[in-house]
Amino acid sequence: MLTVKYLTPTEITKLFTKIDSLRDKALFGLMYYYGLRCSEASRLKLKDLRIEDMRIFIEASKNGISGEYALSKIARKLLLPYLKERLKSKSHSEALFLSKKATLESGHLDPSQINRLYKQYAKE
């Protein structure tokens, strides 16, 4: 039987102190706050955000319920600085979270890259 281990609040705080990248802080902040799977986070697009009324649309996977959610204060605090940086990029990709090797038309982070990043930060 699979045992699921959850991070304690202390472990979560330690994890976020190891993350310097605005992209990764926003990514893992949204994943943690909204309980997103790597696949759900990798599919987020810029158009899924409605900054004017602070809402986000999340397309669920594995028979979950897709829906629109309010952006919490915590999510906004992590996401808005990243968005400023993201919108300065020359990429024409619709992806919210770009790979460091993004091309002009594509380059979203894929689930395996997100998993690798998490393991890297957790190890630190």
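The values are calculated or read from the model by the stated rules, or taken from the named source; none is laboratory data. Treat the numbers as computed from the prediction; the structure is a model and nothing was measured. For neighbour counting, all protein chains shown are included, and Cβ atoms are generated from backbone atoms with ideal geometry for every residue, glycine included. What goes into the accessible areas is simple: the full protein's heavy atoms, side chains included, and nothing from ligands, DNA or RNA. Shrake-Rupley method; radii C 1.70, N 1.55, O 1.52, S 1.80 Å.
LEU2 meets all of the listed conditions (1) loosely packed, with under 12 Cβ neighbours inside 10 Å; (2) closer than 17 Å to GLU124 by Cβ but one, namely (2). Of the residues making up the range 62-83, those that are part of a loop (DSSP other than H, G, I, E, B) and surrounded by 15 or more Cβ atoms within 10 Å (Cβ to Cβ) are LEU71, SER72.
Among the residues making up the range 9-36, those that are open to solvent by 30 Å² or more (accessible area, probe 1.4 Å) and over 26 Å from ILE65 (Cβ atoms) are PRO9, THR10, GLU11, THR13, LYS14, PHE16, THR17, LYS18, ASP20, LEU22, LYS25.
Please tell me if TYR82 is of a type in the set (Ser, Thr, Tyr) and under 14 Å from ARG23 (Cα atoms).
Details: of a type in the set (Ser, Thr, Tyr): yes; under 14 Å from ARG23 (Cα atoms): yes.
Against the criterion (of a type in the set (Ser, Thr, Tyr) and under 14 Å from ARG23 (Cα atoms)), TYR82 qualifies.
Provide a single number: the residues in the range 39-54 that are part of a helix (DSSP H, G or I) and either among the polar types (S, T, N, Q) or surrounded by fewer than 20 Cβ atoms within 10 Å (Cβ to Cβ) (or both). Residues that pass the stated criteria total 8.
Scanning the range 94-124 for residues that are in contact (Cβ under 8 Å) with a residue 24 or more places away in the chain, aliphatic (A, V, I, L, M) and loosely packed, with under 13 Cβ neighbours inside 10 Å yields a single hit, ALA122.
What is the residue count in the range 84-93 for residues that are open to solvent by 100 Å² or more (accessible area, probe 1.4 Å) and either within 14 Å of the chain's Cα centre (by Cα) or at pLDDT below 90 (or both)? Working first, answer last.
Going through the range 84-93, the residues open to solvent by 100 Å² or more (accessible area, probe 1.4 Å) turn out to be 84, 87-88, 90, 92.
Then drop every residue that is not either within 14 Å of the chain's Cα centre (by Cα) or at pLDDT below 90 (or both), which leaves 87-88, 90, 92.
Qualifying residue count for the region: 4.
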